[in-house]
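K.L.:
Take a look at the following structure, please.
The values are calculated or read from the model by the stated rules, or taken from the named source; none is laboratory data. What you see is a predicted model, and the numbers here were worked out from it, not measured in a lab. Heads up, the Cβs are rebuilt from the backbone with ideal geometry, glycines too, and the neighbour counts pull from every protein chain shown. Ligands, DNA and RNA are stripped out before the accessible areas are found, and what is left, the full protein with its side chains, is counted by its heavy atoms. Shrake-Rupley method; radii C 1.70, N 1.55, O 1.52, S 1.80 Å.
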Amino acid sequence: MAPRTPAARRAGHRLTRRRVVAWALYDWSTNGFAVVVMAGFFPIFFNEYWGADLSATDGTFWLGVANSVSGALVILVAPLLGATADRAGRKKTLLLLATLLGIAMSTALYFVQQGQWVLAAAIYVLAMLGFSGSSVFYDALLLTVAPRGRVDFVSALGFAYGYLGGGLLFVLVVLMTLYPDAFGLPDAPTAVRVSFLLVALWWAVFCVPLFIWVPEPATPDRVRGVGALRAGWQRLRATFGEVRRLRMVMLFLIAYWFYIDGVHSIIRMATDYGYGLGFGREDLILALLLVQFIAFPMALVFGKLGQRLGAKTGIYIALGVYAGVVVWAYFIQHAWEFYVLAAAIGCVQGGVQALSRSYYSTLIPRQQSAEFFGFYNIMGKFAAVLGPLLIGTVAAITDSPRHSILSVLALFAIGALLLARVDQRQARALARASASAPQAGSGRP
């Protein structure tokens, strides 16, 4: 093959940059849902508007149940859909279906009336299914767009775009709720409902570049139709045994399961925790804004940190900060302390997620990325089944949100101890051996 000319190399670099940006913009599009709905207005609106007749502890309990049910649904479908996507070569198709579900359910929240907390919870579960399910296929495209040696940075770039995009949308909807008259809206509750429509529109617009410019990864021996589902099931069954054989992958998944439980619990329940301590809506909203805009540059910092010190070291740093946050959260009394906690979380939230994703991508067989990211997302979502439910249950039993938050410490500690036993070199050697082995359900001899 003739060497590439400088012009061809420049064109290749431009194409790579365009794909990376298009991929990262999907994080920009979905983080509007993560910030405005999941972390921001849904917990507050659920307590103050849809579930106004519920007590604070009952509201926390049912919010935890809704998060747990959505996580359980992802657990049931993510591995099979991931395996099917790998065999059918349809990662982007399934990503599109999950995206459409999330957009439709975000729109539906606008139509839920005051007091209809059961309906709001049901729609939220489906919206979370679309949001969480889309991450399986989105994460699996990371290795398609990231240049060799840049996986940590590209993964962090996605989270950085996400925090910036979500933060900008959150600023807009906060202004709408504080000054509804300026936007032609009658009151703050209407502004919150309109914000759900804006989330859907934001998601729909900024997901488009990925579907245009990010290619579907090449799939040898692609299986079509119903055969893809059957082949996916066969591949999934074989992978359960393969994950046990890839010992370092299994060990990392278990470690990730524990520590990301704590991370997701804080993300999903922090606003409710502040609400339970009696902080005002404005304080909670401003704290969330602080998280978003600090997390944007810090996610990029952690991407560079992963390149220089290693992803595992970066994860340890983030978990140490999270442990300190949990201890301090137990003692806080004033709103300014909540702001400091938010700033500390913003420094590490994107980093621990980005480096976990990039570190995992180096441990798995490349040709089975969607399938293995299905397992990866299972661990994250199964953690989200236990974490919020644990916090909600302890709050209901003790009638105190302070006691419930301390349970998260054990999750960070166990996760860090297990992560210490993961050997990246051994994992890569086993992944290369797996890549050269015939795959079940592939039609190969």
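K.L.:
Which condition number in (1) under 18 Å from residue 162 (Cβ atoms); (2) modelled with pLDDT under 85; (3) surrounded by fewer than 20 Cβ atoms within 10 Å (Cβ to Cβ) is the one that residue 307 fails?
P.N.:
(1)
K.L.:
So, residue 308, is that one without any contact (Cβ under 8 Å) to a residue 24 or more places away in the chain and under 30 Å from residue 249 (Cβ atoms) or not? Give the steps one after another, and end with the answer.
P.N.:
On the way: without any contact (Cβ under 8 Å) to a residue 24 or more places away in the chain: yes; under 30 Å from residue 249 (Cβ atoms): yes.
Yes: the conditions hold for residue 308.
K.L.:
Residues 184, 166, 162: which one is of a type in the set (Gly, Ala, Ser) and farther than 28 Å from residue 139 by Cβ? Reasoning before the result, please.
P.N.:
Details: 166 fails: farther than 28 Å from residue 139 by Cβ; 162 fails: farther than 28 Å from residue 139 by Cβ.
The match here is 184.
K.L.:
Another one. I'm trying to understand the selection: among the residues of the stretch 47-58, which are more than 12 Å from residue 120 (Cα to Cα) and either in a helix (DSSP H, G or I) or at pLDDT below 70 (or both)? Reasoning before the result, please.
P.N.:
Restricting attention to the stretch 47-58, the residues satisfying the condition of being more than 12 Å from residue 120 (Cα to Cα) are 48, 52-58.
Those that are more than 12 Å from residue 120 (Cα to Cα) and either in a helix (DSSP H, G or I) or at pLDDT below 70 (or both): 48, 55, 56, 57, 58.
K.L.:
Given the criterion modelled with pLDDT of 80 or more, assigned to a helix (DSSP H, G or I) and either within 22 Å of the chain's Cα centre (by Cα) or of a type in the set (A, V, I, L, M, F, W, C) (or both), identify the matching residue among 44, 103, 75.
P.N.:
On the way: 44 fails: modelled with pLDDT of 80 or more; 75 fails: modelled with pLDDT of 80 or more.
From the options 44, 103, 75, the qualifying one is 103.
K.L.:
Just to be sure, is residue 281 open to solvent by 10 Å² or more (accessible area, probe 1.4 Å), modelled with pLDDT under 75, closer than 30 Å to residue 64 by Cα and charged (D, E, K, R)?
P.N.:
On the way: open to solvent by 10 Å² or more (accessible area, probe 1.4 Å): yes; modelled with pLDDT under 75: yes; closer than 30 Å to residue 64 by Cα: yes; charged (D, E, K, R): yes.
For residue 281, the condition - open to solvent by 10 Å² or more (accessible area, probe 1.4 Å), modelled with pLDDT under 75, closer than 30 Å to residue 64 by Cα and charged (D, E, K, R) - is met.
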